[in-house]
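Below is one structure, written out as structure tokens; the observations come after it.
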Amino acid sequence: MKYQRTYASDYSTPNFLIETATLEFSLNPRETIVKSKLTIKQNHLTKHTNDLKLDGIDLTLLKIKINQQSLPASSYELTPNHLIIKDVPQNFTLETTVSICPEKNFHYTGLYLTKGNFCTQNEPHGFRHITYFIDRPDILTKITTTIVADREEYPVVLSNGNLVQEKEIENGKHRVTWQDPFPKPCYLFALVAGKFDAITDSYVTKLDKTVTLKIFTEGQYLNQCTHAMEALKKAMLWEERRFGLSYDLDLYQIVGIDDFNFGAMENKGLNIFNNKLLLATKDTATDDDFKNVSSVIAHEYFHNWTGNRVSCRDWFQIGLKEGLTTLREELFLEEEYGTTVGKIESIKFLRDKQFTEDAGPLAHPIRLSSYIAVDNFYTTTVYQKSAAVARMLVTMFGFTTFRNILSTFLAKFDGKPTTIEDFLATAAAITQQNLEQFKLWYDQRGTPRLKITDGIDEQQNYYVDITQIHPLATKDFYIPLVLELINGQGDSFCEKNLLVTKNEERFYLTKVTEKPTVTFYQNFSIPMEIDHSYDPDELLHIATYAKNPLNKWQASQKLLTTFLVASYQTQKPPSDLPPQLLELFKNALHSEELDKALLAHMLEIPSENQLINSWAKDIDMEKLHRVREQLKLALARALQADFLACYNENNSQAIYEVNKAAIAQRMLKNIALDYLAQLDSKEMLNIAINQLNQANNLTDLNAALAIIANSSLDERELLLSKYYQRWREQPNLFNRWLAINAAIKLKGNVERLKKLLSYPEVSLKNPNNVYALIRTFVTHNLVNFHAIDGSGYEFLREQIITIDDFNSSLAAATLATAWINNKKLNSTLESMLQRELFKIYQEPHLSTNLYEIISKRIDPAIS
Ligand code: ZN
């Protein structure tokens, strides 16, 4: 009973609609008073009921009126999560006054304080912590918000929509009214009040509307907002150009804060951002940070159509808004920073995180069939897999048709809550295709595999045989695939689009006399594994001759992975490197033609997380780590001169710029440095020290510092503490420093983490500290986290229990999910993990969120 499950199949149309809401906040950290006046009517689409059930948690009800008449206590019932009013009329106004306590809110959902400023986070269920409401995404309401606050303490007072009035009132207060002309679900409501400064700019839409753009932050960060502002204008232009979609209000505001559970939130006309994803200058942000700021700025902006104007009917449809938004974010980023790298990075992300999730206990389809806490399902499946699935429509039907599908869908459902079916029905109508089979991608969990073999028949026809393998699916997937064929002379002579729709299918491609080498990764966005056996010569052939850069990259990754898997199994240290690998690396390191970003990615050994996916089970994490490190070292030994030449050539002294070419050059250089540092010689480590001392940007400095932190250098600790002193007062830099510390692979690093927890700058109440210190440890320090003495698990268990007490979403979605995903551990690790999970499970006040995650992993035999 305590842990109630919500089922997709239980959806029913709401009995009541809230047409308008007039809210008035009297802000005070200890006791904020929220007055609400709702105009409510019975929904003529549903059966008549007289009882109105509103959501509300941790609210103290002070007054309640219907049609201006106070309600006697006998006409309503209060439960911990609801207010139920009996016998309401057809149409009425409901007025409530409640009090809430923002200063005690550390779950950071609803109204809370960050560094003394007020802000909100309402997706998915925050609004019920603010006032009584029907808190579900299919209730769309026009909201007007008045905020009364002390003028000196809270000079900036914001909400959604347009400013309609601001006036000074008694006792040094001001009273500010905002009105949003667009009906919206209450999860898009936002309020911000406090001491902020802003940069202002404007954008003229193609309909000639001038939109004022503002980014608010605390004063000391004001000079770090330029990149975000530029990215916003680019995203606005891009969406008009590529999709014909323009912004609809006169004002677009963004506020950056330091305490936020996620990256950012798309509240209508008033986005709230985690400063980590908003602020960027060359001295405070790496190239990746710059890119992440661009993506998230674009992502939240693109939600204005997918999510805000057209919203989701229920939380089972989040994959619809998140997928369509994430796909546009990815396409935007590819145009901005390079298509090849963009695609490679999306695929890497899928393989690193989504494939792992989909193979573990948390595996779920894009559209879940049930959940206990929906906060646990803002996952890579819901974001990246659904973007990849939407991108398949682009691959199948072309960009123009996709654009047409999207704009037709948005026009048809403007102002309405929608479902995945609504979207697919629009796509089917436009393409004249039956997309029933395609829908499987949304409702089936797990990563499908394609087994591919090829050959030549008697008539000299080249064919490929494709078999779909999916242990769970009862139907076949609909899979668009683009093949590239390369002959023995290195001519890439054929490119072919295939649509695989059956479980077993043969495709004839071309007439040939000799069997070509086939590749599959062009345009690849498919959340799927491909089994096709290649020998190392073929992989080298592809890496050398493929036209499509993704095929080249894929070949290098496959060569590296195959070798690693083999040396893990044979226990032999990988000193005898295959000649193909050496040749591939040599070619790449000296290539004059290839894009440097592509080269950098080709030279990168797949991450430990990704490698886990190449093993069936029983992984010894220590050994996995060791084998990967040994390969790095062997490559560094064999190619020292080549890496050094690459480093020197790309170690540019030019002024720092954030553009494709400069980013690629830095990436390549820092990969070369990382290999060289494996040699652990004074000479090579001096290169890192020089880079640390001379860097004119954080990308290079960060790369050097991370290398030094993992080295055997005597001055390691000294250098680390130098940057602690330098960065401790700047949260983004300090968190970076924590993350570098948390990722140190030296044995017993968990002791360092424990020490860091007691630093005055570190607080578990600050989600960015938790991400930097704890989550980094869990996701990027597998060798220490899965230490055989159990110290990593024990540490995490303690932190999770502490955090769950005040911020269950952080404990569950940020920490516990990352822990339980790996289901391939060997028996020693597995039984230790079970023991720790069980301790959490037995906690008397376990939150719903955490319960849901832990119970998915805990061995039923133990519990
Ligand atoms: Zn989103």
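The values are calculated or read from the model by the stated rules, or taken from the named source; none is laboratory data. This one's a predicted model, so the numbers in the text were calculated from it and none came from an experiment. Every residue, glycine as well, gets a Cβ built from its backbone with ideal geometry; the counts of neighbours run over all protein chains shown. Side chains are part of the model used for accessible areas, which takes the heavy atoms of the whole protein and leaves out ligands, DNA and RNA. Shrake-Rupley method; radii C 1.70, N 1.55, O 1.52, S 1.80 Å.
A few remarks follow.
- Unit charges at the beta carbon, dipole of the chain: most positive-side option, Val394, Ile707, Ile663: Val394
- Less than 5 angstrom separates the built amide H of Val211 from those of Tyr203, Val204, Thr205, all sequence-distant by 5 or more or on a different chain.
- Across the range 762-769, computed HN-Hα scalar couplings (Karplus, 6.51 cos²θ - 1.76 cosθ + 1.60, θ = phi - 60°) run 9, 9, 6, 6, 9, x, 5, 5 Hz from first to last residue, x flagging Gly and Pro.
- For the range 276-346, lysine pairs separated by 8 or more sequence positions, or belonging to different chains, with Cα-Cα distances below 22 Å total 5.
- D (Stokes-Einstein, µm²/s), Kirkwood Cα radius, the range 779-860, 1.567 mPa s at 4 °C: 103
- Accessible surface of the range 634-692, 1.4 Å probe: 50 percent of it comes from carbon and sulfur atoms.
- With contacts taken as Cα pairs under 8 Å and at least 6 residues apart, the range 563-693 reaches a relative contact order of 30 percent.
- Using the Karplus relation 6.51 cos²θ - 1.76 cosθ + 1.60 with θ = phi - 60°, the per-residue 3J(HN,Hα) values for the range 634-650 come to 4, 5, 5, 5, 5, 10, 3, 4, 5, 5, 5, 4, 4, 4, 4, 5, 9 Hz, with x marking Gly and Pro.
- Tilt relative to the chain, helix 716-727 - C-alpha long axis, 0 to 90 degrees, to 10: 30
- About its Cα centre, the dipole of the range 467-537 is roughly 320 debye, where the only charges are +1 on Lys and Arg Cβ and -1 on Asp and Glu Cβ.
- By the rule of a C-alpha distance below 14 Å, with chain neighbours fewer than 8 residues away ignored, the aspartates and glutamates paired with Lys623 are Glu608.
- Entry comment: accessible area of the range 134-185 is 42 Å² per residue, from protein heavy atoms only and a probe of 1.4 Å.
- Between helix 579-590 and the chain: long-axis angle, C-alpha atoms, 0 to 90°, nearest 10: 70
- Built amide H within the under 5 Å cut-off of Thr20, gap 5+: Thr39, Lys142
- Percent antiparallel among DSSP beta bridges (both partners in the chain, rounded to 5): 80
- Amide H partners (placed H, <5 Å) of Cys494, local residues excluded: Leu485
- Spatial separation of Cα centroids for the range 158-179 and the range 275-347, in angstrom: 32
- Cα centre as origin, Lys/Arg/Asp/Glu Cβ charges: the range 54-188 dipole, Debye: 120
- Whether the range 681-832 is rounded, prolate or oblate, judged on the alpha carbon gyration tensor where a/c under 1.5 counts as rounded: oblate
- Global geometry of the range 209-348, whether rounded, prolate or oblate, following the gyration tensor of its Cα atoms and the 1.5 cut on a/c: rounded
- Farthest toward positive dipole pole in the range 196-297 [+1 Lys/Arg, -1 Asp/Glu at C-beta], among Met229, Leu270, Val211: Val211
- Contact order normalised by residue count of the chain, Cα under 8 Å, 6+ apart, percent: 9
- Under the convention that each Lys and Arg Cβ holds +1 and each Asp and Glu Cβ holds -1, the size of the dipole of the chain around its Cα centre is about 1180 debye.
- log10 of Debye I(q)/I(0), alpha-carbon scatterers only, for the range 736-812 at 0.14, 0.24 Å⁻¹: -0.38, -1.15
- Taking the longest Cα principal axis of the chain as reference, the axis of helix 536-545 is set at about 70 degrees.
- Restraint check, Lys47/Lys475; Lys233/Lys669; Lys348/Lys596; Lys669/Lys747; Lys547/Lys572, Cα-Cα greater than 26 Å: Lys47/Lys475; Lys233/Lys669; Lys669/Lys747; Lys547/Lys572
- Anchor Lys104: lysines whose Cα lies under 22 Å away (excluding residues fewer than 8 positions away in-chain): Lys35, Lys115, Lys195, Lys765
- Calculated from backbone phi, Karplus (6.51, -1.76, 1.60) coupling profile of the range 208-215 in Hz, x at Gly/Pro: 6, 8, 8, 9, 7, 10, 9, 10
- Solvent exposure of the range 325-365, expressed per residue, is 25 Å² of accessible area, with all protein chains present and a 1.4 angstrom probe.
- Partner lysines for Lys856 [C-alpha distance under 22 Å; skip if fewer than 8 residues away on the same chain]: Lys2, Lys353, Lys385, Lys617, Lys823, Lys824, Lys839
- Volume in Å³ per residue [convex hull over Cα atoms, computed for the range 552-642]: 89
- Taken along its three principal axes, the alpha carbon spread of the chain comes to 86, 67, 63 Å, from the longest extent down to the shortest.
- Accessible surface of the range 378-478, 1.4 Å probe: 48 percent of it comes from carbon and sulfur atoms.
- Shape box of the range 627-676 [Cα atoms, principal axes, largest first, Å]: 36, 20, 11
- Rounded percent of accessible protein surface that carbon and sulfur make up, the range 14-105, 1.4 Å probe: 47
- Around Lys839: net Lys/Arg minus Asp/Glu count, Cβ-Cβ under 14 Å: -3
- Three-way shape label, the range 383-535, alpha-carbon gyration tensor, a/c 1.5: prolate
- Contact order normalised by residue count of the range 280-428, Cα under 8 Å, 6+ apart, percent: 33
- Entry note, the chain: the mean residue ellipticity at 222 nm calculated from DSSP H runs of n ≥ 4, each adding -39500 (n - 2.57), is -11500 deg cm²/dmol after division by the residues and rounding to the nearest 500.
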